[in-house]
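**Student:** Can you keep this structure in mind? I'll have questions shortly.
The values are calculated or read from the model by the stated rules, or taken from the named source; none is laboratory data. These figures come from a predicted structure and were not determined experimentally. Note: ideal-geometry Cβ built from the backbone for every residue, glycine included; neighbour counts use all protein chains shown. The accessibility values were calculated without ligands, DNA or RNA, using every heavy atom of the protein model including side chains. Shrake-Rupley method; radii C 1.70, N 1.55, O 1.52, S 1.80 Å.
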Amino acid sequence: MNSNIFSLKNRISKAIRGRMVLALILAICMTMTACAGKIGMSGDAEKADNKVKIYYVNSSETGIVADDYTLTSDIKDTDAVIAELIEQLSQNPDTFSYEAPLAGRIALIDYKLTEDNLILNFNESYNSVEHVTEILDRAAMVRTLTQIDAVKTVTFQVGGSPLTDASGNVIGTMTADTFIYNAGNEINTYEKVTLTLYFTNESGDGLIKVYRTVVFNSNISMERIALEQLIAGPNTDEVYPTINPATSINSITVRDGICYVDLDSAFTTEPYTVTAQTAIYSIVNTLCEFTEVNKVQITVDGNKDVKFMDSLSLSSTYERNLEIIEE
């Protein structure tokens with residue numbers, strides 16, 4: 001009986017060992033399968049790394065659009081990838097609805113990568129590009145090139161000198177986020193609009209109507225855009241500024257036909273030779289160009305008990321003044 005019990009235990013032990021071996025073999029097979037799967041995923045990921053987007057300007061020149069593109073260069077060869085993307089930015093795609101930013105409009109002289117900043121140097125033809133188109137061209141190039149891991153920022157030069165805006169300020173380094181006003185709102189949500197702005201004459205006692213085309217984000221009120229452009233000043237020597245360029249807009253809202261504008265204290269310092277009436281009505285007439293605005297209430301840091309230039313009280317609302325406008 002003892003021998004039978006021993007024999008039974010021996011068979012059970014062998015069966016357990018057999019199952020353990022089988023389980024071990026299955027575990028190894030599953031691990032190998034998982035590893036193989038990971039190798040396949042890695043291969044797919046590496047293939048995905050070759051996928052980028054080339055950004056173009058739409059044919060109406062009101063925004064930018066993206067096209068998928070597969071790099072032929074080794075993604076580890078930064079110089080080759082930069083050269084390939086610049087080549088793509090120089091060729092118009094098959095569709096007529098897109099325009100490549102470097103395809104004829106502007107000429108790139110050379111470029112160099114300094115640490116993680118890519119410097120693009122253009123010839124003087126860059127300065128002749130229409131303002132809105134220039135912004136879109138710049139956005140398309142920066143958004144395309146900053147997809148490269150080694151390129152964190154992009155800087156533009158013209159003839160070896162830093163690119164400046166209409167006011168002469170150096171634009172400096174740019175990232176893809178440079179072309180996003182609000183989180184999630186990219187440049188291709190922008191629209192182009194022509195604003196009517198009122199600047200002063202040379203003597204500072206009358207207003208002259210000026211038309212300016214700008215690109216704006218649909219989530220930003222056009223009243224704010226217009227006032228920002230007015231504060232920035234004219235881009236021609238035929239008219240003159242009216243508002244201190246250091247002025248900041250605290251808030252601007254429209255309710256029941258009244259545009260409520262709250263400016264910071266820099267507004268009360270007038271650096272130009274301009275009458276108080278001309279300065280105030282440059283704001284009022286500019287904002288009353290919008291159909292929903294009939295009157296304008298201006299405050300300074302929330303306070304309307306202010307006399308601008310010790311002359312005009314801000315306690316009341318102002319309506320459009322046609323008499324001060326020069327033809």
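**Student:** When you count, for each residue, the other Cβ atoms within 10 Å and take the mean per peptide, how do 155-161, 305-311 rank with the highest first?
**Tutor:** Most protected by this proxy first, the peptides run 155-161, 305-311.
**Student:** Going down the table (Lys53/Lys76; Lys112/Lys192; Lys152/Lys192; Lys51/Lys192), which pairs top 21 Å between alpha carbons?
**Tutor:** Correct reply: Lys112/Lys192; Lys152/Lys192; Lys51/Lys192.
**Student:** Enumerate the whole-percent occupancy of each 5 Å bin, from 0 to the last occupied one, for all C-alpha pair distances of the range 113-157.
**Tutor:** Pair shares across the bins are 5, 21, 29, 23, 13, 8, 1.
**Student:** Here is a follow-up. Take the Cα coordinates of the range 196-327, assign each an equal point scatterer, and use the Debye formula without solvent to give log10 I(q)/I(0) at q = 0.09, 0.10, 0.22 Å⁻¹.
**Tutor:** -0.22, -0.27, -1.53
**Student:** Shifting gears a bit: For the range 245-327, which whole-number percentage of the solvent-accessible area (1.4 Å probe, protein heavy atoms only) is attributable to carbon and sulfur atoms?
**Tutor:** Taking all protein chains in place, the range 245-327 shows 43 percent carbon and sulfur surface.
**Student:** Tell me which aspartates and glutamates have Cα within less than 18 Å of Lys209's Cα, excluding those fewer than 8 residues away on the same chain?
**Tutor:** Glu223, Glu228, Asp237, Glu238, Glu289, Glu319, Glu323, Glu326, Glu327
**Student:** Further, regarding this structure: Can you work out the accessible area per residue across the range 108-175, with the rest of the protein chains kept in place, probe 1.4 Å, in square angstrom?
**Tutor:** Each residue of the range 108-175 exposes 45 Å² on average to a 1.4 Å probe.
**Student:** Could I ask something else about it? In what sequence, highest mean first, do 115-122, 224-231 appear when ranked by Cβ atoms within 10 angstrom?
**Tutor:** Values: 115-122: 17.5, 224-231: 20.2.
Highest-to-lowest ranking by the protection proxy: 224-231, 115-122.
**Student:** Over the range 78-172, one equal point on each Cα, no solvent: what is log10 I(q)/I(0) by the Debye formula at q = 0.11, 0.14, 0.22 Å⁻¹?
**Tutor:** Values returned for q = 0.11, 0.14, 0.22 Å⁻¹ are -0.30, -0.49, -1.23.
**Student:** What is the spin-label model distance, in nm, from Thr62 to Ser90 if the labels are put 7 Å beyond Cα along the C-beta direction?
**Tutor:** Here the answer is 3.2 nm between the modelled labels.
**Student:** Give me the base-10 log of I(q)/I(0) for the range 199-271 at each q in 0.12, 0.14, 0.24 Å⁻¹, Debye formula, one uniform scatterer per Cα, rounded to two decimals.
**Tutor:** With one equal scatterer per Cα and no solvent, log10 I(q)/I(0) is -0.37, -0.50, -1.23.
**Student:** Amide H to amide H, which residues 5 or more places from Phe122 or on other chains are under 5 Å from it, using H placed in the peptide plane?
**Tutor:** So Phe122 has HN proximity to Ile109, Gln157, Val158, Gly159, Gly160.
**Student:** Describe numerically, in nm with one decimal, the distance between label points set 7 Å from Cα along Cα→Cβ at Asp165 and at Lys304.
**Tutor:** 3.1
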